[in-house]
Amino acid sequence: MKKKHTNPVKEQDDDLEQQSSLFRQIYKSQKWWQNIIDAITDYLFVIDTNYKIIRTNKAFANLFGKEPADIIMKPYYELFGLDGPHEWCILPEGKDCCANRSVERTMNDMDYLISCYPIYFDDREAAVYIMKDITETRKLKDQVYHLDKLSSLGTLTSGVAHEINNPLTGIIGYTEMLLMKNEDNTTKKYLQNVYDSAIRCKRIVENMLTFSRQTPAQKSLENINDIIDNTIELHEYWLKSTNIEIVRNYGKTLYVSVDRQQIQQVILNLLINAEQSISETKRSGRIEFKTSFDTKSKITVIEVSDNGTGISHEILPKIFDPFFTTKPVNKGTGLGLSIAHGIIAEQGGTIEARSVLGEGTSFIIRLPHTS
Ligand SMILES: Nc1ncnc2c1ncn2[C@@H]1O[C@H](COP(=O)(O)OP(=O)(O)OP(=O)(O)O)[C@@H](O)[C@H]1O
Ligand SMILES: [Mg+2]
């Protein structure tokens, strides 16, 4: 048999060629996988047993204003400005390591669902972390929960309010009768207390009924300036006794399709709040009602401003929440503004508050022109 002759130089060249082709393939494959993990919008990073990042995607690096290459082999927690790992960060511990797990955490005002997948391959341990931004989802979940609570609260309150209304009417009627018949001043004073408290209860019950109101709005074309005037008139007695100046800054006659009673209720709630706020200051009170009509957007704007206490920026986001009040138990139920908000929203409009603590507050209502 003929012996096969080999050329060692050629063999070496072939080997090198094979090796570099293999490297090219590995490099391409790595690039391919990197592209895939970079396409994931959740934040992904892989740590070794020293908490050092051995893999990451673009999203995670970008979260800290960096590129993946900048953070490789750095302890992951340094990116969060920490000296040590988070309590949720568990390390891989060999092939019998712990199972996958997910936790929810808030970091830098954002909510995350953090999932950990320990991996063990070829005697190497690592932990894959995926952080999902759930800030919006959580907010929506909270809103749904809040709405759900409100709707059951609405049903409950309307039932309770109706039940209380009947005996309350009796208490008010009989107290009025006794007040008229009685001559004794001390008894009259006590009866007046009973009467005032019962009237207060009635107001709370009425508020609760309005809050849980399920009847649709009865709309008709109304002049907004007229509605404001009527509401002020209804309240004239209190305004005179508190010496508050009312300023009318009305735009041209405005007709909007609204439920008159409901808008009156909104204006009255804002008026009472303004009055109560002014009464807490020593200055002479001033409440301004400003109306205007934006011909371009066809929106009627009602602005109710006072020079009362103002509202701090911590409290401002909560004032439209049902039952939120800063007033003593016998003064506020915290329903006035949530009722106003509900009514305006039902009319397709918006209501917002602007305030400077110590200077005063403005409520701005925007009503669209609907027919
Ligand atoms: N004009 C205002 N000036 C200062 N604070 C205000 C004003 N309007 C509302 N607030 C604040 O918003 C809170 C909520 O107001 P809202 O009208 O809903 O309830 P309330 O006035 O406390 O009680 P209720 O209206 O049910 O009697 C008030 O307790 C008060 O802290
Ligand atoms: Mg109020």
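Bear in mind that the values in this text are calculations on the coordinates, not laboratory data. The shown structure was predicted, so the numbers you read here are calculated from the model rather than taken from an experiment. Glycine gets a Cβ as well: all are built from the backbone with ideal geometry, and neighbour counts include every protein chain shown.
Details
- Taking the C-alpha atoms only, the angle from helix 185-211 to the longest principal axis of the chain is near 40 degrees.
- Axis of helix 224-234 versus longest Cα principal axis of the chain: the two differ by about 50°, to the nearest ten degrees.
- Between I40 and I171, the contour length at 0.36 nm per residue exceeds the alpha carbon distance by 40.4 nm.
- Placing +1 on each Lys and Arg Cβ and -1 on each Asp and Glu Cβ, with no other charges, gives the chain a dipole about its Cα centre of roughly 480 debye.
- Inter-site label distance for M73 and D321 at 7 Å from Cα along Cβ, in nm: 5.0 nm
- Contour minus Cα-Cα distance for R283 and F64 (0.36 nm per residue): 73.8 nm
- Among the GluC sites (Glu not before Pro) found in the range 205-308, those both in a DSSP coil and sparsely packed, with 14 or fewer other Cβ atoms within 10 Å of their Cβ, are E280.
- A cut-off under 11 angstrom between Cβ atoms defines the neighbours of R24, and their net charge, with Lys, Arg +1 and Asp, Glu -1, is +1.
- Residue-averaged 222 nm ellipticity for the chain, from DSSP H runs of 4+ at -39500 (n - 2.57), nearest 500: -15000 deg cm²/dmol
- Sequence-distant aspartates and glutamates (8 or more away, or on other chains) whose Cα lies within less than 12 Å of K58: D38, D42, E67, D70
- Subtracting the Cα-Cα distance of E11 and V247 from their residue separation scaled by 0.36 nm leaves 74.9 nm.
- For peptides 317-324, 133-140, sequence by mean Cβ density within 10 Å, most packed first: 317-324, 133-140
- Within the straight-line cut-off of under 16 Å between alpha carbons, the aspartates and glutamates reachable from K188 are E176, D196, sequence neighbours fewer than 8 places apart in one chain being disregarded.
- Spin-label zone in the range 318-349 - amide nitrogen under 16 Å from a point set 7 Å from the Cα of I204 along the C-beta vector: 323-336
- Across the range 247-267, the residues whose backbone nitrogen lies under 17 Å from the label position 7 Å along the beta-carbon direction of T295 are 251-255.
- Going from the residue with the fewest nearby Cβ atoms within 10 Å to the one with the most, W32, W88, W238 rank W32, W238, W88.
- Overall form of the range 32-133 per C-alpha gyration tensor (a/c, 1.5; a/b vs b/c): rounded
- Taking other C-beta atoms within 10 angstrom as a stand-in for reagent exposure, T309, T281, T295, T361 fall in the order T295, T281, T309, T361, fewest first.
- Annotation: peptides 349-359, 12-22, ranked by per-residue average of other Cβ atoms within 10 Å with the highest first, follow the order 349-359, 12-22.
- Pairwise FRET efficiency - Y237 versus E346, Cβ, R0 = 41 Å, nearest 0.05: 0.85
- Rounded, prolate or oblate (a/c below 1.5 giving rounded, otherwise prolate when a/b exceeds b/c) for the range 283-362 by Cα gyration tensor: oblate
- Against the chain, whose longest principal axis is taken from its Cα atoms, helix 135-181 shows a tilt of about 20°.
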